[in-house]
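Below is one structure; the comments refer to it alone.
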Amino acid sequence: MRAVFRALADELAATLRDPGALLILVVGTIGYAFFYPTPYLNQVLRKVPVAAVDLDRSALSRQLVRMVDAHPSTAVAFVTGNRSEAERRVMDGEALGILVIPEGFEKRVHRGEPVTVSAFADATWFLVYQAGATGMLEAAATLGAGIEVARLEASGMTRRQALAFRDPAPLLVRPLFNPAEGYASYVVPAVLVLILQQTMLLGIGLRRPLPLGARTGSGTSLSAAAAAVLGRGLAFFGLQLLGTLFYLVVVFRVFGFAERGRAATVLPFLVPFLLATAFLGLWLTTLFRRRESAMQVLLFTSLPAVFLAGFAWPREALPRWLDLVSLLLPSTSAIPGFLRVNEMGASLAQVRPEWGALWALSLLYFLLATLAQHRTWRR
């Protein structure tokens, strides 16, 4: 234990004197926490500009255009009677969707005949497509429902009866755990876990394996290597634990992200995640001759780690072999478990598979780092 504490103290002192490692572990952790969520502060995309092609030029078609403009998701940028002009405006970036109201729209509606209103949205950006298409389709559906209710009232029904006939089983939708249905509330908490992992790996990557003359207290045996790895791992664990507490106490409250988990559950869940990441970093440092090489390789792994984590792209859609490989990254198990514990209020028993996987990775990477440190000394 004396060797462990000596390695811990030496690593803390050396890291605090290393400007590069300190920049990544402290400044990077704090800076990314405020930089990444900033573009998503609005949470929900509003007022997507659309072009209205009104070929009917009737009172009813103008009412539909006004309803599309009044919808929170869309705004009518301009109205035209030429579809080619609307398409040109979309190509020029002046609009991101097109609403086409056909000729004879009002007459066919009054005669009770079916009529098709076309809505087109730019699918290059999924959020733009969703907001634009939703605004136009909901406005058209609302207009259609109002016309049908008025027709039923004209046939002798009361308004209450007409509404019940029009929608006999109304659906009440309440989004769970993300009531605002915001993009930031969905993506940022998951990315913050990934930031904790990547900044720790990069910070450790700037450090080198302990040289032969390092103080271990028990020579260069395998037990001395284990003590050195455990002490160094605990040093980085302590540093990143401070960053984790900063995220949970400050960042989540500044940006208003959901926090339904108890500290007595969230922190124990994150302990094996931080340990696994620390030991993984210590093992990886033995694979590089220069700290610059470690930086280059570990930076390259950031984007693959995002897609393997299962929130930007569902894990069910990954090839089976790639899904299995992704389990070697601590973030793959940490992100879904953390989201369920912190945002949904799950207990440790309900995230036992993820928690167990993180403890298994902690043991695996501790053994690999110990063997690598011992091999380095022998070499």
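State the number of residues belonging to region 279-304 that are over 24 Å from Ala7 (Cβ atoms) and among the charged types (D, E, K, R).
Within region 279-304, residues that are over 24 Å from Ala7 (Cβ atoms) and among the charged types (D, E, K, R) number 1.
For the condition in the same structural domain as Gly203 (by TED's automatic domain parsing), buried (at least 19 other Cβ atoms within 10 Å of the Cβ) and not in a helix (DSSP H, G or I), what is the one hit in Gly281, Gly310? Working first, answer last.
Values: Gly281 fails: not in a helix (DSSP H, G or I).
Of the residues listed, the single one that is in the same structural domain as Gly203 (by TED's automatic domain parsing), buried (at least 19 other Cβ atoms within 10 Å of the Cβ) and not in a helix (DSSP H, G or I) is Gly310.
So, Thr332, is that one of a type in the set (Ser, Thr, Tyr), under 27 Å from Tyr32 (Cα atoms) and at pLDDT 85 or above or not? Talk me through it step by step, then tell me what you get.
Details: of a type in the set (Ser, Thr, Tyr): yes; under 27 Å from Tyr32 (Cα atoms): yes; at pLDDT 85 or above: yes.
Yes: the conditions hold for Thr332.
Step by step: first the residues of region 10-21, then only those that are touching a residue at least 40 places away in the same chain (Cβ under 8 Å) and of a type in the set (A, V, I, L, M, F, W, C), then the one that is surrounded by the most Cβ atoms within 10 Å (Cβ to Cβ). Which residue is that?
Of the residues in region 10-21, the ones touching a residue at least 40 places away in the same chain (Cβ under 8 Å) are 10-12, 14-15, 18, 20-21.
If we keep only those that are of a type in the set (A, V, I, L, M, F, W, C) too, we end up with 12, 14, 21.
Details: Leu12: 17, Ala14: 16, Ala21: 21.
Selected residue: Ala21.
How many residues does region 30-52 hold that are modelled with pLDDT of 85 or more and β-branched (Val, Ile, Thr)?
Qualifying residue count for the region: 3.
Report every pair of residues separated by at least 6 positions or lying on different chains whose Cβ atoms are under 7 Å apart, first residue within region 158-180 and part of a loop (DSSP other than H, G, I, E, B), second charged (D, E, K, R).
Pro175/Glu181; Phe177/Glu343
Please state which of the following conditions Ser185 fails to meet, knowing it meets all the rest: (1) in a helix (DSSP H, G or I); (2) farther than 30 Å from Pro37 by Cβ.
(2)
Of everything in region 120-130 that's among the aliphatic types (A, V, I, L, M) and part of a helix (DSSP H, G or I), which residue is nearest to the chain's Cα centre (by Cα)? Step through it out loud before you land on a result.
Of region 120-130, the ones among the aliphatic types (A, V, I, L, M) are 121, 123, 127-128.
In the following step, the residues that additionally are part of a helix (DSSP H, G or I) were identified as 127-128.
Values: Leu127: 14, Val128: 18 Å.
Once the filter is applied, the top-ranked residue is Leu127.
List the helices (runs of 4 or more DSSP H) that sit entirely inside region 1-119 and contain at least 2 residues that are over 23 Å from Ala133 (Cβ atoms).
Details: elements: 2-16, 19-22, 29-35, 59-70, 83-91, 105-110.
Hits in region 1-119: 2-16, 19-22, 29-35, 105-110.
With the requirement that a residue be aliphatic (A, V, I, L, M) and farther than 14 Å from Ala119 by Cα, what does region 56-66 give you? Can you show your working first?
Just the residues of region 56-66 that are aliphatic (A, V, I, L, M), to begin with: 59-60, 64-65.
Hits for region 56-66 are Ala59, Leu60.
Contact list please: Cβ distance under 9 Å, first residue in region 99-127 and over 17 Å from Arg89 (Cβ atoms), second residue among the polar types (S, T, N, Q) and loosely packed, with under 14 Cβ neighbours inside 10 Å, pairs at least six apart or on different chains.
Hits for this filter: Pro102/Thr116; Pro102/Ser118.
Suppose the filter is of a type in the set (A, V, I, L, M, F, W, C), modelled with pLDDT under 90 and surrounded by fewer than 16 Cβ atoms within 10 Å (Cβ to Cβ); does Leu299 pass it?
Working: of a type in the set (A, V, I, L, M, F, W, C): yes; modelled with pLDDT under 90: yes; surrounded by fewer than 16 Cβ atoms within 10 Å (Cβ to Cβ): yes.
Judged against the criteria, Leu299 is a match.
Which of the residues belonging to region 252-266 are part of a helix (DSSP H, G or I) and surrounded by 16 or more Cβ atoms within 10 Å (Cβ to Cβ)? Can you show your working first?
Narrowing region 252-266 to residues part of a helix (DSSP H, G or I): 252-255, 263-266.
Passing the criteria: Phe252, Phe255, Thr265, Val266.
Yes/no matrix, rows are residues, columns are (1) closer than 17 Å to Phe237 by Cβ; (2) of a type in the set (A, V, I, L, M, F, W, C); (3) touching a helix residue (DSSP H, G or I) at 6+ places or on another chain (Cβ under 7 Å); (4) surrounded by fewer than 19 Cβ atoms within 10 Å (Cβ to Cβ):
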{"residue": "Arg289", "(1), (2), (3), (4)": "no, no, no, yes"}
{"residue": "Ser347", "(1), (2), (3), (4)": "no, no, yes, yes"}
{"residue": "Thr370", "(1), (2), (3), (4)": "yes, no, yes, no"}
{"residue": "Arg375", "(1), (2), (3), (4)": "no, no, no, yes"}
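What pairs can you find where one residue is in region 339-356 and in the same structural domain as Thr265 (by TED's automatic domain parsing) and part of a loop (DSSP other than H, G, I, E, B), the other is surrounded by 15 or more Cβ atoms within 10 Å (Cβ to Cβ) and among the small types (Gly, Ala, Ser), and their Cβ atoms are less than 6 Å apart, with a gap of 6+ or different chains?
Glu343/Ala258; Gly345/Gly261
The values are calculated or read from the model by the stated rules, or taken from the named source; none is laboratory data. All figures in this text were calculated on a predicted structure; none of them were measured in a lab. Note that each Cβ is placed from the backbone with ideal geometry, even for glycine, and that neighbours are counted across all protein chains shown.
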